[in-house]
Amino acid sequence: MPIIDAVLDDFFWRALLGGLGVALVAGPLGCFVVWRRMAYFGDTLAHSALLGIALSFLISVPLNVGVIITCVVLAIALVLLSRSHTLATDTLLGILAHSALAIGLVTLSFMPDVRVDLTGLLFGDLLAMSRDDLLWIYGGALLILLLLMKLWRSLLMSTIHEELARVEGIPVERLRLVLMLMFSLVIAVAMKIVGVLLITALLIIPAATARRLARSPEHMTLLAVIFGFVAVGGGLTLSWNLDTPAGPSVVVTAFSVFLLIYGGARQTQT
Amino acid sequence: MTEPLVTLKQVTIAFDDRPVVDRVDLQVHRGDIITIIGPNGAGKTTLIKAVLGIQRVTQGSVKLTRNLTVGYVPQHLALESTLPLTVRRFMALSGRSDPECRAALEKTGVEHLIDASIHHLSGGEKQRLLLARALARKPDLLVLDEPAQGVDINGQAALYDLIRQLRDQLHCGVIMISHDLHLVMAATDKVICLNQHICCSGYPADISHDPAFIETFGQPVAESLAVYHHHHNHRHDLHGDVVSGVVTDDSHKECDHAHH
């Protein structure tokens, strides 16, 4: 179909389509990040994505695969380490987040023949979205949305009260693992657009904005998706017209919407 | 006697080789109300978590009858304020039908709150909601961890009364942890005094004379319990209140007394 081809041939449209696909799953997953207080955890996973990229070059596997595997391994390591209670979780996350980022950067510097656009990886790149990336994004989004729909009640219940959920026979541990797999997948596919340093913002800010207006968990996820769409659409347009970096532009747009909603809601409340 | 709902045999739970629960035997039958009391760190919560199947035991066995439905009322519902949730939605997450959820809310007296946000409930209302949540599942066994926490004095007595009524209606077994010695002693069939191991168990009137109980809780508490059971004939309960460690000044004493 010529129209679709024309759209997919244009890098701006590819970036926009990709960004909207990411926002589609960042909305509901971002709500879980906010509800479960996993913001710092998400940050740590996102930072480890850079290590994943370095390792992918080292053992020559596709970038997405390397990133997903690294995130999953780190997520499992985090869960196991936090169980031992030797260090507070936030300390542990701080150590792992920055170490993973640093090890990734050092490893990349040892590979002079590998040419990577570091700024693009850290802050996102409007031009980097390929047709293959779009396939990854929409494939991943479909998988995540199906999983979320199937596990919704159990996920919600284990978020509200973990022990109550366990007594009622919900496999809480397995769900936590599934949630981490979904985070890893989102980080791997969102990396290209917003960059590893800003992925958590795309998860948290739309969800936090949605909380102000939401009446139920489902309503909140729906609003988070809409605010995510606005952030991606506005941010990429900004980036295209003013030649600003893609990731920061998306985050700035998301933040503006956040301020608008919270400022506006406060006025009507008082 | 019918088959017990729960049988614990020589259950030991150790964290880092330090036993938190030490060789506990316990049986709960339909119609029982068993209250676990004990000082802080006595392993009460750990023990009921073992009953609930969410705490692995180091030694011994926990046996539940087949197809046992357990209703659990946790210590509190610390809900993240970022999660918008109404009472109706919270009840629906139990997977039970709307009429079943409503009936349960009605039983615990909070049906009028069905459209309220959970974040706006008081401590007592939250406890009643958690109880309703457990009831909606039509439990064979009801497990409560300090159900009267955050509930005012009048509400506490009403809550323990309600638990007794529910036991009669559902003919379920009840096992609960409580610090409200007076109220519990009045409402309970059987008391287990836990201090890692079961230091004594039996009926309230008996264990208040038990040397092991007196050693754990001190003479004053034991006396106050003994006094409590005579409190309809005697007027010593005021004195009992004071020595049981309820920190009050004189005016409060009178106030407490007036509620009886």
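The values are calculated or read from the model by the stated rules, or taken from the named source; none is laboratory data. Keep in mind the model is a prediction, meaning the values are calculated, not measured. Positions of Cβ are generated from backbone atoms using ideal geometry, with glycine treated the same way; all protein chains shown enter the neighbour counts.
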Please enumerate the residues belonging to region B:70-91 that are among the basic types (Lys, Arg) and either within 7 Å of chain A (Cβ to nearest Cβ) or assigned to a loop (DSSP other than H, G, I, E, B) (or both). B:Arg89
B:Ser97 fails exactly one of the following numbered conditions: (1) at pLDDT 90 or above; (2) more than 19 Å from B:Ala132 (Cβ to Cβ); (3) not charged (D, E, K, R). What is the number of that condition? (2)
Looking at region B:52-67, which of its residues are more than 9 Å from chain A (Cβ to nearest Cβ) and out of contact with any strand residue (DSSP E or B) (no Cβ under 6 Å at 6 or more places or on another chain)? B:Gln55, B:Arg56, B:Thr65, B:Arg66, B:Asn67
B:Arg102: passes all of (1) within 14 Å of chain A (Cβ to nearest Cβ); (2) part of a helix (DSSP H, G or I); (3) over 25 Å from A:Val34 (Cβ atoms); (4) among the basic types (Lys, Arg) but (1)
Just a yes or no: is a residue in region B:225-241 acidic (Asp, Glu), out of contact with any Gly (no Cβ under 7 Å at 6 or more places or on another chain) and at pLDDT 70 or above? no
Please note which strands (runs of 3 or more DSSP E) are completely contained in region B:156-209 and include at least 1 residues that are in contact with a helix residue (DSSP H, G or I) (Cβ under 8 Å, 6 or more places away or on another chain), more than 16 Å from B:Ala42 (Cα to Cα) and touching a residue at least 60 places away in the same chain (Cβ under 8 Å). B:173-177
Just need a number here: residues in region B:61-94 that are polar (S, T, N, Q), closer than 13 Å to B:Leu129 by Cα and touching a residue at least 40 places away in the same chain (Cβ under 8 Å). 2
Count of residues meeting criterion [modelled with pLDDT under 75 and buried (at least 16 other Cβ atoms within 10 Å of the Cβ)] in region B:181-215: 11
If you go through region A:36-57 one residue at a time, do you hit one that is surrounded by 21 or more Cβ atoms within 10 Å (Cβ to Cβ), on the phi < 0 side of the Ramachandran plot, hydrophobic (A, V, I, L, M, F, W, C) and within 14 Å of chain B (Cβ to nearest Cβ)? yes
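On the given criteria, is A:Ile205 within 18 Å of A:Arg37 (Cα to Cα), within 18 Å of the chain's Cα centre (by Cα) and within 14 Å of chain B (Cβ to nearest Cβ)? Before the answer, list the steps.
On the way: within 18 Å of A:Arg37 (Cα to Cα): yes; within 18 Å of the chain's Cα centre (by Cα): yes; within 14 Å of chain B (Cβ to nearest Cβ): yes.
Spelling it out, A:Ile205 is indeed within 18 Å of A:Arg37 (Cα to Cα), within 18 Å of the chain's Cα centre (by Cα) and within 14 Å of chain B (Cβ to nearest Cβ).
Looking at A:Leu92, A:Leu80, which one is more than 14 Å from chain B (Cβ to nearest Cβ), outside any loop (DSSP other than H, G, I, E, B) and without any contact (Cβ under 8 Å) to a residue 12 or more places away in the chain?
Values: A:Leu92 fails: without any contact (Cβ under 8 Å) to a residue 12 or more places away in the chain.
On inspection, the qualifying residue turns out to be A:Leu80.
Can you go through B:Gly60, B:Gly43 and tell me which one is touching a Leu at 6+ places or on another chain (Cβ under 9 Å), farther than 22 Å from B:Lys190 by Cα and not basic (Lys, Arg)?
After applying the criteria, what remains is B:Gly60.
A quick yes/no check of all residues on (1) among the acidic types (Asp, Glu); (2) assigned to a helix (DSSP H, G or I); (3) under 25 Å from A:Leu213 (Cα atoms):
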position: A:Ile226; (1), (2), (3): no, yes, yes
position: A:Val230; (1), (2), (3): no, yes, yes
position: A:Gly234; (1), (2), (3): no, yes, yes
position: A:Thr237; (1), (2), (3): no, yes, no
position: A:Trp240; (1), (2), (3): no, yes, no
position: A:Thr244; (1), (2), (3): no, no, no
position: A:Val251; (1), (2), (3): no, yes, yes
position: A:Val257; (1), (2), (3): no, yes, yes
position: A:Leu260; (1), (2), (3): no, yes, yes
Yes or no: A:Thr159 assigned to a helix (DSSP H, G or I), in contact (Cβ under 8 Å) with a residue 60 or more places away in the chain, surrounded by fewer than 17 Cβ atoms within 10 Å (Cβ to Cβ) and over 15 Å from the mean Cα position of the chain (by Cα)? no
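For every residue, the table says whether it meets (1) touching a Leu at 6+ places or on another chain (Cβ under 8 Å); (2) crowded, with 19+ Cβ neighbours inside 10 Å; (3) farther than 25 Å from B:Thr2 by Cβ; (4) not charged (D, E, K, R).
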| site | (1), (2), (3), (4) |
| --- | --- |
| B:Val73 | yes, yes, no, yes |
| B:Ala78 | no, no, yes, yes |
| B:Glu111 | yes, no, yes, no |
| B:Arg128 | yes, yes, yes, no |
| B:Pro139 | yes, yes, no, yes |
| B:Cys172 | yes, yes, no, yes |
Kindly check whether there is at least one residue in region A:173-193 that is among the acidic types (Asp, Glu), within 14 Å of chain B (Cβ to nearest Cβ) and either surrounded by 17 or more Cβ atoms within 10 Å (Cβ to Cβ) or under 24 Å from B:Leu77 (Cα atoms) (or both). yes
Residue tally, condition touching a residue at least 60 places away in the same chain (Cβ under 8 Å) and of a type in the set (A, V, I, L, M, F, W, C), over region B:1-27: 6
Can you tell me which of (1) under 22 Å from A:Met38 (Cβ atoms); (2) within 14 Å of chain B (Cβ to nearest Cβ); (3) over 18 Å from the mean Cα position of the chain (by Cα); (4) among the hydrophobic types (A, V, I, L, M, F, W, C) is the one A:Met149 doesn't meet? (2)
